[in-house]
Every structure is written in C-alpha cells, then in structure tokens.
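This report concerns only the one structure given below.
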C-alpha cells in the first residue's frame, strides 16, 4: 500500500452519491469509530465562489468525513509523537460536474518517509483501515 509515491488514493465507480456517502458513514460507524465532523466541501465552494472570483462548478457534491481511532492513533503516536500531525483521518466522497454518475472516494496516505520501522508499521495499519473503508463505501470489497 504505502509503497506508492502518490499521496492520495482514489477509488471510483458508477453509483449514486447518497448511497456512497451513507455506505461510508455506516462502514466507519461499524468499526466503532465516531465521525467528528462532516465537511460539505461543495457547499463551501458554491457559497464562496463569488467572493474569490470564480463561479466554476467543480462538483455535483463533495463531502468528507473526519474521524479518529483511539487505538490506532495511540499506536501511531506511541511509535512517534510526530505522527499526531497525521490525525484525525479524513475520507472524501465526490462526484465531479464533468463526470456525473461516477463517484470517487479518496483519502491521504498516512505516511512519513522519515519514520522508524514501528512508526511505518503503525501508519500502515491506519492506511489499511482507510483503504478498507473506501472500498467498502463503493462496494469494491
């Protein structure tokens, strides 16, 4: 997983936004995790577009869930306190205006090239969690 140099992982398939966002919510909660915040990225962009001089429609919808795992976070931070910068975790669901009907679920890899072996192992556990959640939300098992 973390061997890829790409810092962002994206999975895509044809689906309905409401189904994918709800499946992601259920997948997170089924792991016993609590969603701390739901970011409505598309609403913010639409609301502020005029203020920044752009009315270009980027998304049909775009939302992110921010959450944490007490157990995984503790392991990552015990391995290296600097790993606190990689918490909380975030997964984004979006549908672009250019490709309606294709849903994307993405997340940032929790990776540091300078970490110890223990840190890398703990962060790989976080990435496995994020990967599983992203795939489950899209029904990719």
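Scanning the range 3-24 for residues that are more than 16 Å from the chain's Cα centre (by Cα) and exposed (fewer than 12 other Cβ atoms within 10 Å of the Cβ) yields 3, 4, 5, 14, 16, 18. Within the range 90-105, none of the residues are in a helix (DSSP H, G or I), at pLDDT 95 or above and closer than 17 Å to residue 35 by Cα. Within the range 42-52, the presence of a residue that is in a strand (DSSP E or B) and either over 28 Å from residue 85 (Cα atoms) or without any contact (Cβ under 8 Å) to a residue 24 or more places away in the chain (or both) is excluded. Within the range 84-95, the only residue that satisfies the criterion of being under 19 Å from residue 135 (Cβ atoms) and surrounded by fewer than 19 Cβ atoms within 10 Å (Cβ to Cβ) is 90.
Summed over the range 96-138, the residues that are crowded, with 20+ Cβ neighbours inside 10 Å and over 19 Å from residue 6 (Cβ atoms) give a count of 4.
The values are calculated or read from the model by the stated rules, or taken from the named source; none is laboratory data. For clarity, every value in this text was computed on a predicted model and none was experimentally measured. Note that each Cβ is placed from the backbone with ideal geometry, even for glycine, and that neighbours are counted across all protein chains shown.
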